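A.B. asks: Questions regarding the structure given below will be posed in turn.
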Amino acid sequence: MDAAAANATKAVPGIPRDSDGPVFREPWEAQAFAMALALHARGLFSWNEWAAALADEIRRAQAKGDPDNGDTYYRHWLATLERLIAAKGVASSQTQHRYRDAWDHAADRTPHGSPIELRPEDFGS
């Protein structure tokens with residue numbers, strides 16, 4: 001485990017881990033984790049700020065009926081990442097949705113196993 005991941009697992013309670021470090025069930029979970037590490041390294045947020053925002057996100061989800069059995073942890077992680085990115089002015093929620101929709105469009109036209117490439121037409125009009 002690298003130093004950044006080790007620091008994150010110490011600073012942010014609840015990260016699913018084993019003796020080697022964080023564990024992920026799906027590739028997107030590892031990618032979301034890595035994005036948070038990169039943004040933290042660039043000074044976008046402190047781990048204390050991240051932990052507080054993540055705890056708020058988890059509480060909101062629990063209030064809406066999330067069973068909090070661990071299966072949705074990285075969904076909360078991703079939602080927190082999106083919320084902080086918007087709050088810090090990196091990319092608005094509207095911009096994030098625009099790119100998510102474009103990515104979905106590009107993925108729909110890409111054969112399985114091929115790299116997904118965003119094109120201008122993926123963004124619609």
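Each reported figure results from applying straightforward, stated rules to the coordinates on display, with no laboratory input. Quick caveat: nothing in here was measured; it's all calculated off a predicted structure. Reconstructed Cβ throughout: ideal geometry from the backbone, glycine too, with neighbour counts over all protein chains shown.
A.B. asks: What number of residues in the range 23-50 are closer than 18 Å to ASN69 by Cβ and either out of contact with any strand residue (DSSP E or B) (no Cβ under 8 Å at 6 or more places or on another chain) or buried (at least 16 other Cβ atoms within 10 Å of the Cβ) (or both)?
C.D. replies: Here the count works out to 4.
A.B. asks: Now for a separate question. Are any residues in the range 71-125 on the phi > 0 side of the Ramachandran plot and either in contact with a strand residue (DSSP E or B) (Cβ under 7 Å, 6 or more places away or on another chain) or surrounded by 13 or more Cβ atoms within 10 Å (Cβ to Cβ) (or both), and if so, which ones?
C.D. replies: The answer is none; no residue qualifies.
A.B. asks: Turning to a different aspect of this structure: Just need a number here: residues in the range 24-72 that are free of Cβ contacts under 8 Å to residues at least 24 places away in the same chain, in a helix (DSSP H, G or I), in contact with a helix residue (DSSP H, G or I) (Cβ under 7 Å, 6 or more places away or on another chain) and more than 16 Å from ARG83 (Cβ to Cβ).
C.D. replies: Qualifying residue count for the region: 0.
A.B. asks: For the structure I just gave you, tell me whether ASP68 is of a type outside the set (Lys, Arg) and loosely packed, with under 12 Cβ neighbours inside 10 Å.
C.D. replies: no
A.B. asks: Kindly indicate whether THR80 is under 30 Å from ASP122 (Cα atoms), part of a helix (DSSP H, G or I) and of a type in the set (S, T, N, Q).
C.D. replies: Answer is yes for this residue.
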